[in-house]
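Working notes, structure below.
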Amino acid sequence: MREVMEFLQFAFVQRALLSGVFIAVGCGLLGVFLVLRRHSMMGDGLAHFAFATVGLALLMGWAPLYVSIPLVALASLLILHLPTRATMYGDAAIGMVSAVGVAIGVLLSSLGGGFSVDLFSFLFGDILAVGRMEARLALGLVVGVVVAILLAYHELFAVTFDDTSARVSGIRPERSSRLLAVLTALMVVLGIRVVGMLLVSSLLIFPAVTALQLCRSFKAVLVTSAMLAALSVVTGIFIALWLNTPAGATIVLVNAAFFSASLLRRT
Amino acid sequence: MNVIETTDLSVAYGMGMALDRVSWRAGPGEFWAIVGPNGSGKTTLVKTAMGLLQPRSGFVTLFGVEPRRFGAWQRVGYLPQFASPAFPKFPATVREVVALGRLAGKRFPRWLGAADDEAVKSALERLGVAGLTDRRIGELSGGQRQRVLLARALVNRPDLLILDEPTLALDPDSRESFYALLAEMHRQGGSTIVLITHDSATAGKHASHLLYLDRSVLFSGTFQDFCHSPEMNRQFGSVAQHTICHQHDGGGGSCAK
(Lines give C-alpha, C1' and ligand atoms only; values in the text may rest on other atoms or scores of the structure.)
Protein backbone atom coordinates (compact mmCIF):
# COMPACT_ATOMS: atom_id res chain seq x y z
CA MET A 1 0.00 0.00 0.00
CA ARG A 2 2.90 2.30 0.83
CA GLU A 3 4.20 1.79 -2.71
CA VAL A 4 0.85 2.85 -4.12
CA MET A 5 0.87 6.00 -1.97
CA GLU A 6 4.36 6.74 -3.21
CA PHE A 7 3.02 6.71 -6.75
CA LEU A 8 0.94 9.76 -5.82
CA GLN A 9 4.12 11.82 -5.77
CA PHE A 10 4.53 11.32 -9.50
CA ALA A 11 3.09 14.03 -11.73
CA PHE A 12 1.77 11.51 -14.29
CA VAL A 13 -0.24 9.72 -11.58
CA GLN A 14 -1.64 13.01 -10.28
CA ARG A 15 -2.62 14.01 -13.83
CA ALA A 16 -4.22 10.61 -14.43
CA LEU A 17 -6.24 10.82 -11.24
CA LEU A 18 -7.34 14.40 -11.76
CA SER A 19 -8.31 14.11 -15.42
CA GLY A 20 -9.79 10.65 -14.81
CA VAL A 21 -12.01 11.94 -12.01
CA PHE A 22 -13.21 14.91 -14.06
CA ILE A 23 -13.94 12.78 -17.13
CA ALA A 24 -15.71 10.21 -14.95
CA VAL A 25 -17.93 12.89 -13.40
CA GLY A 26 -18.96 14.09 -16.87
CA CYS A 27 -19.64 10.52 -18.03
CA GLY A 28 -21.54 9.72 -14.83
CA LEU A 29 -23.86 12.71 -15.28
CA LEU A 30 -24.48 12.19 -19.00
CA GLY A 31 -24.91 8.45 -18.61
CA VAL A 32 -28.08 8.90 -16.55
CA PHE A 33 -29.81 10.72 -19.41
CA LEU A 34 -28.55 8.25 -22.01
CA VAL A 35 -29.62 5.18 -20.05
CA LEU A 36 -33.09 6.57 -19.26
CA ARG A 37 -33.63 7.67 -22.87
CA ARG A 38 -32.55 4.17 -23.98
CA HIS A 39 -29.58 5.59 -25.83
CA SER A 40 -27.09 3.56 -23.81
CA MET A 41 -25.32 2.27 -26.89
CA MET A 42 -24.78 5.78 -28.25
CA GLY A 43 -21.45 5.90 -26.37
CA ASP A 44 -20.39 2.57 -27.82
CA GLY A 45 -21.28 3.61 -31.36
CA LEU A 46 -19.47 6.93 -31.06
CA ALA A 47 -16.41 5.24 -29.57
CA HIS A 48 -16.27 2.91 -32.55
CA PHE A 49 -16.61 5.89 -34.86
CA ALA A 50 -13.70 7.50 -33.00
CA PHE A 51 -11.58 4.58 -34.22
CA ALA A 52 -11.76 6.20 -37.67
CA THR A 53 -11.02 9.72 -36.42
CA VAL A 54 -8.04 8.59 -34.36
CA GLY A 55 -6.80 6.59 -37.35
CA LEU A 56 -7.12 9.68 -39.54
CA ALA A 57 -5.26 11.84 -37.02
CA LEU A 58 -2.43 9.34 -36.66
CA LEU A 59 -2.18 8.96 -40.43
CA MET A 60 -1.95 12.71 -40.92
CA GLY A 61 0.26 13.26 -37.90
CA TRP A 62 -2.30 15.46 -36.13
CA ALA A 63 -3.33 15.42 -32.45
CA PRO A 64 -6.11 12.79 -32.15
CA LEU A 65 -8.14 14.85 -29.65
CA TYR A 66 -8.48 17.85 -31.97
CA VAL A 67 -9.53 15.68 -34.92
CA SER A 68 -11.84 13.40 -32.95
CA ILE A 69 -13.86 16.02 -31.07
CA PRO A 70 -15.48 17.75 -34.09
CA LEU A 71 -15.82 14.58 -36.18
CA VAL A 72 -17.35 12.48 -33.41
CA ALA A 73 -19.69 15.38 -32.55
CA LEU A 74 -20.85 15.40 -36.18
CA ALA A 75 -21.34 11.63 -36.06
CA SER A 76 -23.51 12.04 -32.94
CA LEU A 77 -25.75 14.50 -34.79
CA LEU A 78 -25.89 12.10 -37.74
CA ILE A 79 -27.10 9.33 -35.42
CA LEU A 80 -29.90 11.64 -34.25
CA HIS A 81 -30.75 12.81 -37.75
CA LEU A 82 -30.78 9.49 -39.65
CA PRO A 83 -33.98 8.08 -38.13
CA THR A 84 -35.84 11.28 -39.06
CA ARG A 85 -34.78 10.99 -42.73
CA ALA A 86 -34.90 7.25 -43.29
CA THR A 87 -37.22 4.47 -42.15
CA MET A 88 -35.24 3.17 -39.18
CA TYR A 89 -34.96 3.35 -35.40
CA GLY A 90 -32.16 4.98 -33.45
CA ASP A 91 -30.35 1.74 -32.59
CA ALA A 92 -29.96 0.93 -36.29
CA ALA A 93 -28.45 4.39 -36.88
CA ILE A 94 -25.98 3.79 -34.04
CA GLY A 95 -25.03 0.41 -35.52
CA MET A 96 -24.51 1.86 -38.98
CA VAL A 97 -22.38 4.83 -37.88
CA SER A 98 -20.40 2.54 -35.60
CA ALA A 99 -19.71 0.03 -38.40
CA VAL A 100 -18.66 2.73 -40.85
CA GLY A 101 -16.27 4.16 -38.21
CA VAL A 102 -14.61 0.80 -37.59
CA ALA A 103 -14.37 0.10 -41.32
CA ILE A 104 -12.70 3.45 -42.02
CA GLY A 105 -10.42 2.95 -39.02
CA VAL A 106 -9.29 -0.46 -40.26
CA LEU A 107 -8.77 0.95 -43.75
CA LEU A 108 -6.67 3.87 -42.48
CA SER A 109 -4.74 1.55 -40.20
CA SER A 110 -3.80 -0.67 -43.13
CA LEU A 111 -2.86 2.38 -45.19
CA GLY A 112 -0.74 3.86 -42.40
CA GLY A 113 0.93 0.63 -41.48
CA GLY A 114 3.25 2.06 -38.86
CA PHE A 115 0.84 3.44 -36.29
CA SER A 116 -0.92 0.23 -35.22
CA VAL A 117 0.81 0.34 -31.82
CA ASP A 118 -0.48 3.92 -31.16
CA LEU A 119 -3.96 2.88 -32.23
CA PHE A 120 -3.78 -0.02 -29.78
CA SER A 121 -3.34 2.43 -26.88
CA PHE A 122 -6.54 4.20 -27.95
CA LEU A 123 -8.42 0.93 -28.19
CA PHE A 124 -7.65 -0.03 -24.59
CA GLY A 125 -6.94 3.34 -22.99
CA ASP A 126 -3.83 4.57 -21.26
CA ILE A 127 -4.77 7.12 -18.66
CA LEU A 128 -1.34 7.01 -17.05
CA ALA A 129 0.10 8.39 -20.31
CA VAL A 130 -2.04 11.56 -20.34
CA GLY A 131 0.13 14.60 -21.09
CA ARG A 132 -0.08 18.02 -19.38
CA MET A 133 -1.77 19.79 -22.33
CA GLU A 134 -4.19 16.95 -22.84
CA ALA A 135 -5.10 16.97 -19.15
CA ARG A 136 -5.75 20.74 -19.24
CA LEU A 137 -7.92 20.45 -22.34
CA ALA A 138 -9.84 17.57 -20.80
CA LEU A 139 -10.43 19.53 -17.60
CA GLY A 140 -11.68 22.57 -19.52
CA LEU A 141 -14.03 20.50 -21.67
CA VAL A 142 -15.39 18.52 -18.74
CA VAL A 143 -16.10 21.72 -16.81
CA GLY A 144 -17.97 22.96 -19.91
CA VAL A 145 -19.98 19.71 -20.09
CA VAL A 146 -20.91 19.86 -16.39
CA VAL A 147 -21.96 23.53 -16.64
CA ALA A 148 -24.07 22.75 -19.75
CA ILE A 149 -25.80 19.88 -17.92
CA LEU A 150 -26.48 22.07 -14.87
CA LEU A 151 -27.89 24.89 -17.00
CA ALA A 152 -30.07 22.58 -19.08
CA TYR A 153 -30.92 20.31 -16.13
CA HIS A 154 -34.66 21.01 -16.01
CA GLU A 155 -35.14 20.77 -19.77
CA LEU A 156 -33.11 17.55 -19.99
CA PHE A 157 -35.04 16.05 -17.08
CA ALA A 158 -38.41 17.04 -18.59
CA VAL A 159 -37.56 15.64 -22.03
CA THR A 160 -36.12 12.44 -20.54
CA PHE A 161 -39.23 11.90 -18.44
CA ASP A 162 -41.84 12.60 -21.12
CA ASP A 163 -41.00 14.52 -24.27
CA THR A 164 -44.64 15.10 -25.30
CA SER A 165 -45.49 16.83 -22.03
CA ALA A 166 -42.18 18.69 -22.21
CA ARG A 167 -43.26 20.08 -25.59
CA VAL A 168 -46.51 21.32 -24.04
CA SER A 169 -44.35 23.18 -21.51
CA GLY A 170 -42.72 25.05 -24.41
CA ILE A 171 -39.54 22.94 -24.33
CA ARG A 172 -38.03 21.82 -27.64
CA PRO A 173 -36.95 18.18 -27.21
CA GLU A 174 -34.88 18.30 -30.43
CA ARG A 175 -32.62 20.96 -28.89
CA SER A 176 -32.10 18.87 -25.75
CA SER A 177 -31.38 15.77 -27.84
CA ARG A 178 -28.75 17.62 -29.88
CA LEU A 179 -27.13 18.99 -26.74
CA LEU A 180 -26.99 15.52 -25.19
CA ALA A 181 -25.57 14.01 -28.40
CA VAL A 182 -22.77 16.58 -28.68
CA LEU A 183 -21.91 16.37 -24.98
CA THR A 184 -21.83 12.57 -25.26
CA ALA A 185 -19.46 12.85 -28.22
CA LEU A 186 -17.15 15.07 -26.15
CA MET A 187 -17.17 12.71 -23.18
CA VAL A 188 -16.60 9.66 -25.39
CA VAL A 189 -13.54 11.23 -26.99
CA LEU A 190 -12.17 12.20 -23.57
CA GLY A 191 -13.19 8.86 -22.02
CA ILE A 192 -11.22 6.96 -24.65
CA ARG A 193 -8.04 8.10 -22.89
CA VAL A 194 -9.29 6.65 -19.60
CA VAL A 195 -10.63 3.22 -20.56
CA GLY A 196 -10.19 3.00 -24.33
CA MET A 197 -12.60 2.87 -27.27
CA LEU A 198 -13.75 -0.64 -26.52
CA LEU A 199 -14.71 0.12 -22.95
CA VAL A 200 -15.66 3.82 -22.87
CA SER A 201 -19.39 3.11 -22.96
CA SER A 202 -18.97 1.35 -19.62
CA LEU A 203 -18.15 4.71 -18.00
CA LEU A 204 -21.43 6.05 -19.36
CA ILE A 205 -23.58 3.04 -18.51
CA PHE A 206 -22.33 1.35 -15.33
CA PRO A 207 -22.38 4.29 -12.87
CA ALA A 208 -25.82 5.40 -14.09
CA VAL A 209 -27.35 1.92 -13.87
CA THR A 210 -25.77 1.34 -10.45
CA ALA A 211 -27.16 4.67 -9.19
CA LEU A 212 -30.60 3.69 -10.52
CA GLN A 213 -30.56 0.68 -8.17
CA LEU A 214 -29.78 2.85 -5.18
CA CYS A 215 -31.68 6.14 -5.44
CA ARG A 216 -35.29 7.27 -5.60
CA SER A 217 -35.04 10.82 -6.93
CA PHE A 218 -33.61 12.03 -10.23
CA LYS A 219 -31.22 14.46 -8.56
CA ALA A 220 -29.93 11.75 -6.24
CA VAL A 221 -29.35 9.43 -9.21
CA LEU A 222 -27.34 12.12 -11.01
CA VAL A 223 -25.15 12.93 -8.00
CA THR A 224 -24.64 9.25 -7.09
CA SER A 225 -23.80 8.31 -10.67
CA ALA A 226 -21.15 11.05 -10.88
CA MET A 227 -19.68 10.02 -7.51
CA LEU A 228 -19.61 6.31 -8.39
CA ALA A 229 -17.93 7.06 -11.72
CA ALA A 230 -15.24 9.15 -10.01
CA LEU A 231 -14.76 6.55 -7.27
CA SER A 232 -14.43 3.75 -9.83
CA VAL A 233 -11.69 5.63 -11.69
CA VAL A 234 -9.70 6.40 -8.51
CA THR A 235 -10.12 2.84 -7.19
CA GLY A 236 -9.32 1.38 -10.60
CA ILE A 237 -6.12 3.42 -10.98
CA PHE A 238 -4.90 2.47 -7.50
CA ILE A 239 -5.63 -1.23 -8.06
CA ALA A 240 -3.92 -1.06 -11.46
CA LEU A 241 -0.82 0.51 -9.90
CA TRP A 242 -0.87 -1.99 -7.04
CA LEU A 243 -1.39 -5.14 -9.11
CA ASN A 244 0.30 -3.84 -12.26
CA THR A 245 -2.85 -4.43 -14.35
CA PRO A 246 -4.17 -2.34 -17.29
CA ALA A 247 -5.91 0.73 -15.78
CA GLY A 248 -8.83 0.86 -18.26
CA ALA A 249 -9.87 -2.74 -17.82
CA THR A 250 -9.47 -2.48 -14.05
CA ILE A 251 -11.74 0.59 -13.92
CA VAL A 252 -14.43 -1.28 -15.86
CA LEU A 253 -14.22 -4.27 -13.52
CA VAL A 254 -14.46 -1.98 -10.49
CA ASN A 255 -17.64 -0.55 -12.03
CA ALA A 256 -18.98 -4.08 -12.52
CA ALA A 257 -18.22 -4.81 -8.86
CA PHE A 258 -20.08 -1.65 -7.76
CA PHE A 259 -23.08 -2.69 -9.83
CA SER A 260 -23.07 -6.22 -8.35
CA ALA A 261 -22.87 -4.75 -4.85
CA SER A 262 -25.83 -2.48 -5.63
CA LEU A 263 -27.87 -5.52 -6.66
CA LEU A 264 -26.96 -7.28 -3.41
CA ARG A 265 -28.02 -4.20 -1.46
CA ARG A 266 -31.40 -4.22 -3.21
CA THR A 267 -32.03 -7.88 -2.44
CA MET B 1 -62.04 34.87 -27.10
CA ASN B 2 -62.33 31.12 -27.62
CA VAL B 3 -59.88 28.93 -25.79
CA ILE B 4 -59.52 26.53 -28.72
CA GLU B 5 -60.84 27.27 -32.17
CA THR B 6 -60.46 25.19 -35.31
CA THR B 7 -61.70 26.18 -38.75
CA ASP B 8 -61.90 23.59 -41.52
CA LEU B 9 -58.99 21.79 -39.89
CA SER B 10 -57.64 18.78 -41.77
CA VAL B 11 -54.78 16.59 -40.57
CA ALA B 12 -53.30 13.63 -42.41
CA TYR B 13 -50.93 10.81 -41.52
CA GLY B 14 -49.30 9.97 -44.84
CA MET B 15 -52.11 9.36 -47.31
CA GLY B 16 -54.82 8.81 -44.68
CA MET B 17 -56.93 11.68 -43.38
CA ALA B 18 -57.13 11.74 -39.58
CA LEU B 19 -59.31 14.86 -39.44
CA ASP B 20 -61.41 16.22 -42.26
CA ARG B 21 -62.47 19.89 -42.17
CA VAL B 22 -63.18 20.04 -38.46
CA SER B 23 -64.61 23.33 -37.20
CA TRP B 24 -65.02 23.52 -33.43
CA ARG B 25 -64.89 26.14 -30.69
CA ALA B 26 -64.31 25.60 -26.98
CA GLY B 27 -65.07 28.68 -24.88
CA PRO B 28 -63.93 29.77 -21.42
CA GLY B 29 -65.24 27.68 -18.53
CA GLU B 30 -66.80 24.98 -20.72
CA PHE B 31 -66.32 21.29 -19.95
CA TRP B 32 -66.08 19.42 -23.26
CA ALA B 33 -66.17 15.68 -23.72
CA ILE B 34 -64.73 14.50 -27.04
CA VAL B 35 -66.07 11.08 -27.93
CA GLY B 36 -65.95 8.88 -31.01
CA PRO B 37 -64.76 5.46 -32.14
CA ASN B 38 -61.09 4.37 -32.28
CA GLY B 39 -59.21 6.25 -34.98
CA SER B 40 -61.81 9.01 -35.13
CA GLY B 41 -59.19 11.73 -34.65
CA LYS B 42 -59.85 12.70 -31.01
CA THR B 43 -56.21 12.70 -29.92
CA THR B 44 -55.12 14.14 -33.26
CA LEU B 45 -57.44 17.11 -32.73
CA VAL B 46 -56.06 18.07 -29.31
CA LYS B 47 -52.46 17.39 -30.35
CA THR B 48 -52.90 19.70 -33.33
CA ALA B 49 -54.43 22.33 -31.07
CA MET B 50 -51.30 22.15 -28.89
CA GLY B 51 -48.94 22.30 -31.86
CA LEU B 52 -47.74 18.71 -31.46
CA LEU B 53 -49.01 17.91 -34.97
CA GLN B 54 -49.17 20.15 -38.02
CA PRO B 55 -52.42 20.61 -39.97
CA ARG B 56 -52.57 19.80 -43.67
CA SER B 57 -55.07 22.61 -44.16
CA GLY B 58 -57.35 24.87 -42.15
CA PHE B 59 -56.64 26.87 -39.02
CA VAL B 60 -56.29 26.27 -35.33
CA THR B 61 -55.77 28.75 -32.52
CA LEU B 62 -55.04 28.39 -28.83
CA PHE B 63 -56.23 31.42 -26.85
CA GLY B 64 -56.42 33.24 -30.18
CA VAL B 65 -52.82 32.44 -31.17
CA GLU B 66 -51.44 29.88 -33.63
CA PRO B 67 -49.93 27.01 -31.58
CA ARG B 68 -46.44 27.47 -33.08
CA ARG B 69 -46.45 31.13 -31.97
CA PHE B 70 -48.04 30.37 -28.60
CA GLY B 71 -45.80 31.00 -25.60
CA ALA B 72 -48.03 31.10 -22.52
CA TRP B 73 -47.86 27.35 -21.89
CA GLN B 74 -48.50 27.89 -18.18
CA ARG B 75 -52.13 28.47 -19.24
CA VAL B 76 -52.37 24.89 -20.55
CA GLY B 77 -52.37 21.69 -18.49
CA TYR B 78 -52.08 18.40 -20.36
CA LEU B 79 -52.48 14.82 -19.25
CA PRO B 80 -51.42 12.60 -22.18
CA GLN B 81 -53.00 9.30 -23.13
CA PHE B 82 -49.97 7.14 -22.45
CA ALA B 83 -47.58 7.70 -19.61
CA SER B 84 -43.87 7.66 -20.39
CA PRO B 85 -42.73 4.13 -21.31
CA ALA B 86 -39.86 4.56 -18.87
CA PHE B 87 -42.29 5.10 -16.00
CA PRO B 88 -41.99 1.94 -13.89
CA LYS B 89 -38.23 2.31 -13.54
CA PHE B 90 -37.89 6.06 -13.84
CA PRO B 91 -36.07 7.57 -10.86
CA ALA B 92 -38.29 10.52 -10.08
CA THR B 93 -40.18 11.36 -6.94
CA VAL B 94 -43.74 12.63 -6.99
CA ARG B 95 -42.46 16.09 -6.04
CA GLU B 96 -40.03 16.13 -8.99
CA VAL B 97 -42.71 15.03 -11.45
CA VAL B 98 -45.21 17.68 -10.36
CA ALA B 99 -42.49 20.36 -10.38
CA LEU B 100 -41.98 19.65 -14.11
CA GLY B 101 -45.32 21.36 -14.70
CA ARG B 102 -43.82 24.61 -13.36
CA LEU B 103 -41.29 24.75 -16.21
CA ALA B 104 -44.04 25.90 -18.57
CA GLY B 105 -43.79 29.55 -19.47
CA LYS B 106 -40.36 30.00 -17.86
CA ARG B 107 -37.31 31.10 -19.81
CA PHE B 108 -34.11 29.04 -20.10
CA PRO B 109 -32.59 27.79 -17.79
CA ARG B 110 -36.06 27.51 -16.18
CA TRP B 111 -34.79 27.42 -12.62
CA LEU B 112 -37.37 26.77 -9.94
CA GLY B 113 -37.69 28.74 -6.71
CA ALA B 114 -39.63 28.92 -3.47
CA ALA B 115 -42.87 29.99 -5.21
CA ASP B 116 -42.65 26.88 -7.40
CA ASP B 117 -42.14 24.65 -4.34
CA GLU B 118 -45.22 26.22 -2.79
CA ALA B 119 -47.28 25.66 -5.97
CA VAL B 120 -46.19 22.00 -6.08
CA LYS B 121 -47.13 21.52 -2.43
CA SER B 122 -50.49 23.16 -2.98
CA ALA B 123 -51.27 21.04 -6.09
CA LEU B 124 -50.39 17.83 -4.24
CA GLU B 125 -52.63 18.80 -1.33
CA ARG B 126 -55.44 19.73 -3.68
CA LEU B 127 -55.29 16.34 -5.36
CA GLY B 128 -55.05 14.51 -2.03
CA VAL B 129 -51.61 13.03 -2.73
CA ALA B 130 -49.48 15.17 -0.41
CA GLY B 131 -48.57 12.03 1.53
CA LEU B 132 -46.85 10.59 -1.55
CA THR B 133 -44.46 13.51 -2.09
CA ASP B 134 -41.22 11.57 -1.69
CA ARG B 135 -42.42 8.29 -3.23
CA ARG B 136 -40.96 7.16 -6.54
CA ILE B 137 -43.51 7.61 -9.34
CA GLY B 138 -43.11 4.00 -10.50
CA GLU B 139 -44.11 2.66 -7.07
CA LEU B 140 -47.59 4.19 -7.18
CA SER B 141 -50.84 2.48 -8.08
CA GLY B 142 -52.56 3.48 -11.35
CA GLY B 143 -55.04 5.73 -9.55
CA GLN B 144 -52.37 7.44 -7.45
CA ARG B 145 -50.21 7.96 -10.54
CA GLN B 146 -53.04 9.59 -12.48
CA ARG B 147 -53.70 11.94 -9.56
CA VAL B 148 -50.02 12.88 -9.49
CA LEU B 149 -50.00 13.52 -13.24
CA LEU B 150 -53.18 15.54 -12.87
CA ALA B 151 -51.42 17.54 -10.14
CA ARG B 152 -48.62 18.21 -12.65
CA ALA B 153 -51.17 19.38 -15.23
CA LEU B 154 -52.89 21.60 -12.67
CA VAL B 155 -49.85 22.98 -10.85
CA ASN B 156 -50.07 26.32 -12.72
CA ARG B 157 -53.87 26.53 -12.24
CA PRO B 158 -54.23 26.53 -16.04
CA ASP B 159 -57.07 28.13 -17.97
CA LEU B 160 -57.26 25.04 -20.18
CA LEU B 161 -56.96 21.44 -19.04
CA ILE B 162 -56.69 18.73 -21.69
CA LEU B 163 -57.11 15.12 -20.57
CA ASP B 164 -56.61 12.32 -23.07
CA GLU B 165 -58.36 9.17 -21.84
CA PRO B 166 -57.12 9.71 -18.29
CA THR B 167 -58.93 6.73 -16.77
CA LEU B 168 -57.96 4.11 -19.31
CA ALA B 169 -55.92 2.01 -16.87
CA LEU B 170 -58.03 2.61 -13.78
CA ASP B 171 -60.44 0.32 -11.97
CA PRO B 172 -64.09 1.48 -11.74
CA ASP B 173 -63.73 2.93 -8.21
CA SER B 174 -60.58 4.91 -9.07
CA ARG B 175 -62.25 6.05 -12.30
CA GLU B 176 -65.31 7.35 -10.48
CA SER B 177 -63.24 9.13 -7.84
CA PHE B 178 -61.03 10.67 -10.56
CA TYR B 179 -64.05 12.09 -12.39
CA ALA B 180 -65.64 13.32 -9.18
CA LEU B 181 -62.42 15.17 -8.40
CA LEU B 182 -62.35 16.65 -11.89
CA ALA B 183 -65.97 17.81 -11.68
CA GLU B 184 -65.34 19.37 -8.27
CA MET B 185 -62.29 21.23 -9.59
CA HIS B 186 -64.25 22.46 -12.57
CA ARG B 187 -66.98 23.80 -10.30
CA GLN B 188 -64.41 25.60 -8.15
CA GLY B 189 -61.90 26.77 -10.75
CA GLY B 190 -63.93 27.49 -13.84
CA SER B 191 -61.17 26.56 -16.28
CA THR B 192 -61.99 25.03 -19.65
CA ILE B 193 -61.72 21.24 -19.63
CA VAL B 194 -61.36 19.10 -22.72
CA LEU B 195 -61.77 15.41 -21.91
CA ILE B 196 -61.16 12.71 -24.52
CA THR B 197 -62.92 9.52 -23.53
CA HIS B 198 -64.47 6.32 -24.78
CA ASP B 199 -66.67 6.31 -21.72
CA SER B 200 -69.55 8.36 -23.12
CA ALA B 201 -71.78 7.59 -20.14
CA THR B 202 -69.28 9.15 -17.72
CA ALA B 203 -68.72 12.00 -20.14
CA GLY B 204 -72.45 12.67 -20.08
CA LYS B 205 -72.42 12.73 -16.29
CA HIS B 206 -69.74 15.39 -15.89
CA ALA B 207 -69.27 17.43 -19.07
CA SER B 208 -71.41 20.34 -20.25
CA HIS B 209 -70.57 20.06 -23.96
CA LEU B 210 -70.08 17.20 -26.37
CA LEU B 211 -67.97 16.89 -29.51
CA TYR B 212 -68.76 13.70 -31.38
CA LEU B 213 -65.99 13.02 -33.89
CA ASP B 214 -65.50 10.48 -36.60
CA ARG B 215 -62.75 12.23 -38.55
CA SER B 216 -65.28 14.98 -39.17
CA VAL B 217 -67.67 16.53 -36.67
CA LEU B 218 -70.86 14.50 -36.15
CA PHE B 219 -72.08 16.69 -33.31
CA SER B 220 -70.77 19.74 -31.49
CA GLY B 221 -72.78 21.50 -28.83
CA THR B 222 -74.28 21.20 -25.38
CA PHE B 223 -75.50 17.92 -23.97
CA GLN B 224 -78.97 19.43 -23.80
CA ASP B 225 -78.94 19.98 -27.56
CA PHE B 226 -77.54 16.49 -28.14
CA CYS B 227 -80.14 14.86 -25.95
CA HIS B 228 -83.05 16.70 -27.57
CA SER B 229 -81.87 16.27 -31.13
CA PRO B 230 -84.02 13.87 -33.19
CA GLU B 231 -81.23 13.87 -35.76
CA MET B 232 -78.78 12.51 -33.19
CA ASN B 233 -81.37 9.99 -32.19
CA ARG B 234 -81.56 8.80 -35.78
CA GLN B 235 -77.77 8.82 -36.16
CA PHE B 236 -76.74 7.05 -32.95
CA GLY B 237 -79.89 5.18 -32.06
CA SER B 238 -82.03 5.72 -29.01
CA VAL B 239 -80.03 3.34 -26.79
CA ALA B 240 -76.69 5.14 -27.36
CA GLN B 241 -78.29 8.53 -26.96
CA HIS B 242 -80.09 7.41 -23.81
CA THR B 243 -76.85 6.04 -22.30
CA ILE B 244 -75.19 9.44 -22.62
CA CYS B 245 -78.18 11.59 -21.76
CA HIS B 246 -79.42 9.48 -18.85
CA GLN B 247 -76.13 10.17 -17.03
CA HIS B 248 -76.16 13.84 -17.97
CA ASP B 249 -79.61 14.27 -16.53
CA GLY B 250 -78.57 12.46 -13.37
CA GLY B 251 -81.01 9.71 -14.22
CA GLY B 252 -83.84 12.17 -14.68
CA GLY B 253 -84.43 11.18 -18.25
CA SER B 254 -85.31 14.23 -20.30
CA CYS B 255 -83.87 12.58 -23.38
CA ALA B 256 -85.48 12.32 -26.72
CA LYS B 257 -86.33 8.66 -27.02
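Structure notes:
- Pair list, Cβ < 7 Å and 6+ apart or interchain, from the range A:147-169 residues that are free of Cβ contacts under 8 Å to residues at least 24 places away in the same chain and at the interface with chain B (Cβ under 8 Å from one of its Cβ atoms) to residues that are assigned to a helix (DSSP H, G or I) and of a type in the set (Ser, Thr, Tyr): A:155/A:176
- Restricted to helices (runs of 4 or more DSSP H) entirely inside the range B:28-130, those with at least 2 residues that are touching a Lys or Arg at 6+ places or on another chain (Cβ under 9 Å) are B:94-100, B:114-126.
- Test for residue A:225: is it in contact (Cβ under 8 Å) with a residue 40 or more places away in the chain, within 14 Å of chain B (Cβ to nearest Cβ), closer than 25 Å to residue A:90 by Cα and of a type in the set (Ser, Thr, Tyr): yes
- Residue pairs meeting the criteria (Cβ under 7 Å; at least 6 apart or on separate chains; first over 13 Å from residue A:70 (Cβ atoms), in the range A:38-55; second assigned to a loop (DSSP other than H, G, I, E, B) and not basic (Lys, Arg)): A:47/A:197; A:48/A:197; A:51/A:197
- Picking from residues in the range A:203-217 that are of a type outside the set (D, E, K, R) and surrounded by fewer than 24 Cβ atoms within 10 Å (Cβ to Cβ), the one that is farthest from the other protein chains (Cβ to nearest Cβ) is A:205.
- The range B:88-111: number of residues that are within 11 Å of another protein chain (Cβ to nearest Cβ) and either surrounded by fewer than 17 Cβ atoms within 10 Å (Cβ to Cβ) or touching a residue at least 60 places away in the same chain (Cβ under 8 Å) (or both): 6
- Selection count, the range B:204-242, where residues are part of a helix (DSSP H, G or I) and either within 24 Å of residue B:187 (Cβ to Cβ) or modelled with pLDDT of 85 or more (or both): 8
- Restricted to helices (runs of 4 or more DSSP H) entirely inside the range A:134-198, those with at least 3 residues that are of a type in the set (A, V, I, L, M, F, W, C) and farther than 25 Å from residue A:233 by Cβ are A:153-161.
- Residue check, residue A:64 crowded, with 21+ Cβ neighbours inside 10 Å and either basic (Lys, Arg) or over 21 Å from residue A:149 (Cα atoms) (or both): yes
- Total residues in the range B:114-148, condition of a type outside the set (Asp, Glu), over 24 Å from residue B:172 (Cβ atoms) and away from chain A (no Cβ under 12 Å): 9
The values are calculated or read from the model by the stated rules, or taken from the named source; none is laboratory data. These figures come from a predicted structure and were not determined experimentally. All Cβ positions, glycine included, derive from the backbone under ideal geometry; neighbour counts span all protein chains shown.
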